[in-house]
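Let me begin by presenting the structure, written as structure tokens, before commenting on it.
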Amino acid sequence: MYLTNEEERMYQGEYGDTVRKSMEILIALGDIYEAEKLVDITSAQISGVSYKTIGDAGLDYLEDLALDKLTSAKVPSTLNPAGTDLDNWKQLGFSKNFAEKQNKIVDAYGALGISKTCTCTPYLVGNVPRFKDYVAWSESSAVAYVNSVIGARTNREGGPGALAAAICGKTALYGYHLEENRKATTIFELEDEISGIDYGSLGYIVGKEVGDGVPYFILDKNNYINNKPTNNNLKSLGAALASSGAVALYHIEKITPEFQIAEKDDINSDNSNKIAISAEDIKETSENLTSSIKNEADLVCLGCPHASLEEIEEIAKLVKGKKVKNDLWVCTSINVKAAADRMGYTKAIEDAGGLCVCDTCMVVAPIEELGYEAIGVNSAKAANYVPSMCGLDVIYDSLENLIKFK
Ligand code: F3S
């Protein structure tokens, strides 16, 4: 792979050992994927944060890297969700040992110049690339969002690759960074109008169908007139696509910014590459995503991907002045929670018996240690992962149906 003089110096260790090791990772990735060169990135988003998933080995690795006081991330970079709320872990019932180790992991990232903002929706809190920027993001739902909705360019980076990219400010030029790999592979035509959790169910169906392909959606006409998809709908869709499949990029006709480069007509000249999806398909998938035989969730866990301010507002309006029967967590970033505090949404949720939980989520936190059996979720991604990652049953439904009142 071609390296500039400056990149060669980084690779030879002139800027310290952490930069050298990071360049080794980037060059190894570039060689595997036959990249011609490295390119400058404008942002990074790094997974490998939860102590539940990276354990002591990951903590030791990061603390070792952080010993190099000369190294700091070259581009704005944020973290994926951690294993607990970094401040309010006690209130949620997590152990002191777990919380201390979790905070050490985040501190090590902080020492490397990575913002200690732990969220899978970095695009809601200032980590917002521009159209066509090269970036290195690793959380799969955020990758789908930044590629598809913003039109920046990233591969599905692993945690070490994204960290190396943040430290060097570069990534190898291959995969979704190249326009030729951003074309549609299969067309999905919606026969009926969709809304709410339908977007997650749709993503779940299509992710299974396309694997790591690039789906192209044609929505029902009503979704182009009165009921256009919101950014919240698109984040649910991308999260589900990336969890049942390995989708990193999708296009929606006349909605997402690169639908015209998708070249859908090229892949569908004989109409064989088009799959119709009906309201019945979506209903059946939504029902199948529930694994619990219980009718009510012990814990309703919302905010997958991390809730936006508008989503928290909707929950606050629903529970205001009432008492919720289930335990209720609304997962979000510390930044969005600060805005929700100021708007009075957090108070409305807390007064009803719920909690606004920062930094973590129902999948990367060890919720299996808290004694719950059935988790209520309105996210198809969470419905897909909670049984396998936490060993708990899920009820997948709209938030209005999940939340029960006393
Ligand atoms: Fe985010 Fe956790 Fe869902 S990382 S996308 S809230 S599984």
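Summary of values
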quantity	calculated
Test item: Cα-centred dipole of the chain, Lys/Arg +1 and Asp/Glu -1 on Cβ, debye	1160
Links that overshoot a 27 Å alpha carbon limit, given the list 317/337; 74/347; 228/381; 101/320; 294/406	74/347; 101/320
Relative contact order %, the chain, counting alpha carbon pairs below 8 Å whose residues are six or more apart	17
Candidate aspartates and glutamates for bridging to residue 170, where Cα separation is under 14 Å - those fewer than 8 sequence places away on the same chain excluded	6, 7, 8, 24, 36, 40, 133, 157
Convex hull of segment 5-179 built on C-alpha atoms - directionally averaged projected area, nm²	9.9
Cross-link partners of residue 323 among aspartates and glutamates (Cα-Cα below 18 Å; sequence separation of 8 or more within a chain)	296, 298, 313, 314, 350, 351, 400
Mean-position separation - Cα centroids, segment 108-184 and segment 18-79, in angstrom	12
Normalised alpha carbon radius of gyration of segment 317-406 [divisor 2.2 N^0.38 Å]	1.09
Cα convex hull volume per residue for segment 325-368 (Å³)	54
Whole-percent pair-distance distribution, where bins are 20 Å wide, for the alpha carbons of the chain	28, 56, 16, 0
Contour minus Cα-Cα distance for residue 398 and residue 227 (0.36 nm per residue)	59.8 nm
At most 13 other Cβ within 10 Å, DSSP loop - trypsin sites (Lys or Arg not before Pro), segment 245-336	254, 294, 323
Qualifying trypsin sites (Lys or Arg not before Pro) in segment 1-110, DSSP loop, other Cβ atoms within 10 Å at most 12	69
Farthest toward positive dipole pole in the chain [+1 Lys/Arg, -1 Asp/Glu at C-beta], among 1, 184, 166	166
Portion, in percent, of the accessible area of segment 248-406 that falls on carbon or sulfur, probe 1.4 Å	46
Exposure rank, largest accessible area first [109, 385; 1.4 Å]	385, 109
For segment 89-142, convex hull volume per residue from C-alpha positions, Å³	115
Mean separation of Cα contacts under 8 Å, 6 or more apart, over the residue count of segment 183-287: relative contact order %	42
Low-density loop cleavage sites - GluC sites (Glu not before Pro) in segment 36-121, where at most 13 other Cβ are within 10 Å (DSSP)	36
Neighbourhood charge, 12 Å Cβ-Cβ cut-off, centred on residue 136 and excluding it, Lys, Arg +1 and Asp, Glu -1	0
Over the chain: helical MRE at 222 nm, DSSP H runs n ≥ 4 each giving -39500 (n - 2.57), nearest 500	-11000 deg cm²/dmol
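The values are calculated or read from the model by the stated rules, or taken from the named source; none is laboratory data. Note that the structure is a prediction, hence the values are computed from the model and not measured. Cβ: placed from backbone, ideal geometry, glycine included. Neighbour counts: every protein chain shown. These accessible areas exclude ligands, DNA and RNA; they are computed on the full protein's heavy atoms, side chains included. Shrake-Rupley method; radii C 1.70, N 1.55, O 1.52, S 1.80 Å.
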